[in-house]
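The values are calculated or read from the model by the stated rules, or taken from the named source; none is laboratory data. Predicted, not measured: the structure shown is a model, and the values here were computed from it. Don't worry about glycine lacking a Cβ; one is built from the backbone with ideal geometry, like all the others, and counts go over all protein chains shown. Only protein heavy atoms, including side chains, enter the accessible area calculation; ligands, DNA and RNA are left aside. Shrake-Rupley method; radii C 1.70, N 1.55, O 1.52, S 1.80 Å.
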Amino acid sequence: MNLIFQKTINGKPSHFREKILKSLVGRYSMEYLRTIWHYDFSDHHPKIHSIRIDKSDRWKAGNNIHFQEWIKTPYRSKMNRFAPYIKCVSTQDIWIQPTNKSVLVWKKDHPNASDSVISGYWNELSENQITLLSKNDGFDSVEDFWNYFKNEFGGKIIHWTDYEY
């Protein structure tokens with residue numbers, strides 16, 4: 001499934017391409033990524049997930065992720081694949097409330113649940129966790145995160161690493 005990224009966000013270069021490639025170090029060697037994809041991404045924090053609307057519930061663990069970049073030219077627009085295909089490791093529901101600067105993330109297993117019950121709960125992220133979430137999603141600062149999410153937002157975090165909130 002295509003995961004499309006913009007080259008700019010909030011009026012600044014996003015560097016999502018480089019940040020995503022850096023998150024793939026470990027699956028692929030840095031030398032391979034530099035040689036094949038010709039990017040220098042050493043100065044960027046890795047982008048290890050993407051927050052998206054998913055009204056039709058199509059994003060699931062095991063889906064292929066096709067990283068695409070939207071490129072606009074004077075005469076047409078096109079998508080450019082910029083990374084190897086990888087599998088979606090997991091997803092988490094997310095609810096972002098900018099008015100009170102809170103983020104809720106659905107955790108699938110409640111710590112007090114019995115073995116026979118599958119349950120979950122909304123976990124409210126701390127200020128430090130929100131800062132980490134914004135960095136892991138490719139924002140340069142938590143202020144950039146709040147500038148992007150100006151309205152209430154419900155969607156999913158699409159993970160391509162084992163990290164969850």
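Kindly provide the set of residues from the range 118-135 that are outside any helix (DSSP H, G or I) and among the hydrophobic types (A, V, I, L, M, F, W, C), ordered by number.
118, 122, 125
Out of the residues in the range 62-72 meeting the condition of being open to solvent by 60 Å² or more (accessible area, probe 1.4 Å) and modelled with pLDDT under 95, tell me which one is nearest to residue 157 (Cα to Cα).
70
Return the residue satisfying two criteria in turn: it lies in the range 19-50 and is assigned to a helix (DSSP H, G or I) and open to solvent by 30 Å² or more (accessible area, probe 1.4 Å), and of such residues it is modelled with the lowest pLDDT.
If we take residues in the range 19-50 being assigned to a helix (DSSP H, G or I) and open to solvent by 30 Å² or more (accessible area, probe 1.4 Å), then 37 is modelled with the lowest pLDDT.
Residue 94 - would you say it is outside any strand (DSSP E or B), at pLDDT 95 or above, within 30 Å of residue 26 (Cα to Cα) and out of contact with any Pro (no Cβ under 9 Å at 6 or more places or on another chain)?
Judged against the criteria, residue 94 is not a match.
Take residue 76 and tell me if it is within 26 Å of residue 130 (Cα to Cα), open to solvent by 100 Å² or more (accessible area, probe 1.4 Å) and modelled with pLDDT under 95.
Values: within 26 Å of residue 130 (Cα to Cα): no; open to solvent by 100 Å² or more (accessible area, probe 1.4 Å): yes; modelled with pLDDT under 95: yes.
Against the criterion (within 26 Å of residue 130 (Cα to Cα), open to solvent by 100 Å² or more (accessible area, probe 1.4 Å) and modelled with pLDDT under 95), residue 76 does not qualify.
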